[in-house]
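Accompanying notes for the structure given below.
The values are calculated or read from the model by the stated rules, or taken from the named source; none is laboratory data. What you are looking at is a predicted structure, and each value in this text was computed from that prediction instead of being measured. With ideal geometry, Cβ positions are generated from the backbone for all residues, glycine too; neighbour counts draw on all protein chains shown. The accessibility values were calculated without ligands, DNA or RNA, using every heavy atom of the protein model including side chains. Shrake-Rupley method; radii C 1.70, N 1.55, O 1.52, S 1.80 Å.
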Amino acid sequence: MNLSAELLRPFRPRAARWVASVLLVLTVLGPPVLFMVMAANDLDMSGADVIGMLATAVVLAWLCFRQAAVRAVPDDDGLTVRNFIKVRRLEWEQVVEVRFGANSAWAQLDLSDGTTLPVMAIQSADGGYARREVGRLAALVQLHESDQPG
């Protein structure tokens with residue numbers, strides 16, 4: 001089945017990606033600005049303080065990058081879900097249902113093996129946009145159900 005480019009657009013959160021991107025920039029720019037301000041005011045930091053601050057900035061930058069990289073990428077054969085830590089590739093046949101309840105932080109996929117997989121790319125914080133994206137993902141699942149024999 002050759003699906004339209006619109007249906008196969010990657011799923012990405014809006015609010016979380018924006019916040020993570022802004023925090024990433026602040027985390028990268030913060031330490032150099034702080035070092036310059038301290039130097040201009042003749043304030044000294046110990047080597048351990050500098051290392052601690054830089055290590056904290058690196059960890060925070062990595063966390064922001066991981067949150068900004070969350071997505072789900074559909075194609076003709078299946079869906080690749082990149083959540084905060086793990087990446088999982090699913091064939092369409094493995095996806096039984098798409099759920100997005102009122103109390104859910106993000107969409108959930110019910111899988112044929114009886115497990116569920118969160119899709120952090122579709123987050124309730126995005127409101128109506130998230131509901132439309134869940135509809136698009138459900139439509140993709142339904143289109144591939146109709147391709148199954150039997």
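A few notes on this one:
- Of all residues in region 45-89 being of a type in the set (Asp, Glu) and touching a helix residue (DSSP H, G or I) at 6+ places or on another chain (Cβ under 9 Å), the one that is surrounded by the fewest Cβ atoms within 10 Å (Cβ to Cβ): 76
- Residue match in region 65-88 (condition: within 30 Å of residue 30 (Cα to Cα), out of contact with any Phe, Trp or Tyr (no Cβ under 7 Å at 6 or more places or on another chain) and assigned to a helix (DSSP H, G or I)): yes
- Residue within region 131-142 that is open to solvent by less than 70 Å² (accessible area, probe 1.4 Å), over 30 Å from residue 30 (Cα atoms), in contact with a helix residue (DSSP H, G or I) (Cβ under 6 Å, 6 or more places away or on another chain) and not aromatic (Phe, Trp, Tyr) present: no
- The numbered conditions (1) of a type in the set (A, V, I, L, M); (2) out of contact with any strand residue (DSSP E or B) (no Cβ under 7 Å at 6 or more places or on another chain); (3) within 27 Å of residue 125 (Cβ to Cβ) are all true for residue 53 except (3).
- The set of residues in region 90-107 being open to solvent by 40 Å² or more (accessible area, probe 1.4 Å) and in contact with a strand residue (DSSP E or B) (Cβ under 6 Å, 6 or more places away or on another chain) consists of 91, 94, 96, 97, 99, 100, 106.
- Residue that is hydrophobic (A, V, I, L, M, F, W, C), under 27 Å from the mean Cα position of the chain (by Cα) and in a helix (DSSP H, G or I), where the choices are 37, 33, 25: 25
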